[in-house]
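Working notes, beginning with the structure itself.
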Amino acid sequence: MQIDRRGLLRAGLGLLGGAALSACGGGSRPAAAPSFVTPTGEQVLAAERSRRTGPVRDFRLVAAESQVDLGGPVVRTWTYDGRVPGTPIRVRAGEVVRARLANRLPQDTSVHWHGLALRNDADGVPGVTQQPIASGAEHVYEFAAAHPGTYWFHPHSGTQLDRGLYAPLIVDDPREPLAYDDEWIVVLDDWLDGVTGTPEDVLAELSKGMGGMSHGSMGHGGSPSSSTHMMMGATSLLLGGDAGDVRYPHFLLNGRVPASPETFRAKPGSRVRIRVVNAGGDTAFRVALAGHRLTVTHTDGFPVRPAEADALLVGMGERYDVLVTLKDGVFPLVALAEGKDGLARALVRASGAASAPAAGARPRELDGDVARYSKLQPAEQARLAPKSPTRSVRLELTGSMMAYDWAINGRRYDPSVIHAVRSGERVRLSFVNRTTMWHPMHLHGHTFALAGSGVRKDTAIVLPGATLDVDFDADNPGLWMIHCHNIYHAESGMMTLLGYQRT
Ligand SMILES: [Cu+2]
């Protein structure tokens, strides 16, 4: 199956290798199919020019095999600059990120700048927006960061995201409206690389599906001896049922296991902005700070009306910013692996004297008020202008654990299937979940609005059996991925493309 996918990617590259990506070129496409703006097309460059208002900032990234101490377990893994998470990239809105990536991995790689409305040819999708970066090669990404917020970056190559290849990307607002004393970036991850196997091993095992398993072991939390990585019986009310496919031995907060947590130090009474990123492969996290209420201020980089909550539910690829006013004491920030058995944590120390809570402590706030989408409203400046959709794209999420055939509209990823939009349209995407699992659906290059509330996001949880409608303005020409951010679902085929028609 993976070989098939590589073949399709080559077909995609072949298309891009021509003078223009024309959808009329292939025999399998309808004769009247439109042709699309290419990743380096004039419309892409024009959109980029309008975003550049600040200077160029230079960064270097080295992707390499490294030995990393996770606070006890020492693993061989793949990292940026030998650290997990990688060093954050930080710029001000309007500045240009120029990042030179040296690929010292044994495979091709790429970098996707998750959530940014950036120029299409910097989006980091091999076979669609660029050639893969070969082992031993370098590649320079250069793009303006238009919108302030909490973003992150990771490879868009195979299952590399589920190694240690991820880091925050923070775009500061030169006119930051929030007042706070300190800031803390919290990156969550599910970890198995170098412990129980590699992400490639996981995908290989999952891809066999459940066909070989005995009927009696299904759905009862049993772990058949034939499966090392496949997880059965992970269930969550918040996620509407099946919580995940993969068993992880560790859950990490800023690269640390719970037994040796990071400690964030601040003064009692200080106001802290916490930026939470879920960099996991197959795990949603429920996050709470013991003894504190959270004020949610942003999701996926964009502001919401400040909303009080006890806990967050963060799907893979999602981000939340919260404000907390620290009490006097030592408090665990706990990220429960939703529906799975385990947690990640850190400590907040806002007192000299108090002793740390036990490693397994589970704050009661985790069972309180969760900041569901239905409880959030966009900030006024984040609202899309009122307008009815002028284009609808229906995306049925299909497939099952049984066959491990995750797909969109019943079709595994095929770069020749491109959903057409035009610049200037208000586009409605309807995610219709026909499966019995939740999927965190991500659109590249845009921040959509949830229909109804208008909350702006680039990655949104679609519950099993549910339909989620999202709207966006087609204002960033190019070829853009739409996919599930469960890396194993995406790699098995739950991805498709959106393309801007040439006008
Ligand atoms: Cu999925």
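The values are calculated or read from the model by the stated rules, or taken from the named source; none is laboratory data. Predicted model, so just to flag it, every value in this text is computed and none were measured. Positions of Cβ are backbone-derived with ideal geometry, glycine not excepted, and every protein chain shown enters the neighbour counts. Side chains included, ligands, DNA and RNA excluded: accessible areas come from the protein's heavy atoms. Shrake-Rupley method; radii C 1.70, N 1.55, O 1.52, S 1.80 Å.
Quick look at the numbers
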quantity: The lone exception for Ser492 - which of (1) under 26 Å from Tyr248 (Cα atoms); (2) under 16 Å from the mean Cα position of the chain (by Cα); (3) open to solvent by less than 10 Å² (accessible area, probe 1.4 Å) it fails; calculated: (2)
quantity: Segments classed as strands (runs of 3 or more DSSP E), wholly inside the stretch 272-332, with at least 1 members that are charged (D, E, K, R); calculated: 285-289, 302-309, 319-325
quantity: Lone qualifier among Pro306, Pro258 - being more than 19 Å from the chain's Cα centre (by Cα) and more than 30 Å from Pro177 (Cβ to Cβ); calculated: Pro258
quantity: Test: residue in the stretch 330-349 that is open to solvent by 40 Å² or more (accessible area, probe 1.4 Å) and within 30 Å of Leu252 (Cβ to Cβ); calculated: yes
quantity: Failed item in (1) closer than 27 Å to Val304 by Cα; (2) in contact with a strand residue (DSSP E or B) (Cβ under 8 Å, 6 or more places away or on another chain), with Ala350 passing the rest; calculated: (1)
quantity: Residue in the stretch 398-406 that is away from the ligand (no atom under 16 Å from the Cβ) and acidic (Asp, Glu) present; calculated: no
quantity: Residue that is nearest to Phe153 (Cα to Cα), among those in the stretch 57-80 that are in contact (Cβ under 8 Å) with a residue 40 or more places away in the chain and open to solvent by 80 Å² or more (accessible area, probe 1.4 Å); calculated: Arg60
quantity: Lone qualifier among Pro106, Pro88 - being under 16 Å from the mean Cα position of the chain (by Cα) and open to solvent by 40 Å² or more (accessible area, probe 1.4 Å); calculated: Pro88
quantity: Cβ pairs under 9 Å, 6+ apart, first in the stretch 485-503 and under 27 Å from Pro34 (Cα atoms), second of a type in the set (Lys, Arg) and within 8 Å of the ligand (Cβ to nearest atom); calculated: none
quantity: In the stretch 439-471, residue farthest from Arg319 (Cα to Cα) [restricted to those that are within 12 Å of the ligand (Cβ to nearest atom) and in contact with a Gly (Cβ under 6 Å, 6 or more places away or on another chain)]; calculated: Pro464
quantity: Filter pass, Asp475 being surrounded by 24 or more Cβ atoms within 10 Å (Cβ to Cβ), modelled with pLDDT of 95 or more and within 18 Å of Asp123 (Cβ to Cβ); calculated: no
quantity: Failed criterion for Asn486 (all others in (1) over 28 Å from Ser50 (Cβ atoms); (2) more than 10 Å from the ligand (Cβ to nearest atom); (3) not hydrophobic (A, V, I, L, M, F, W, C) hold); calculated: (2)
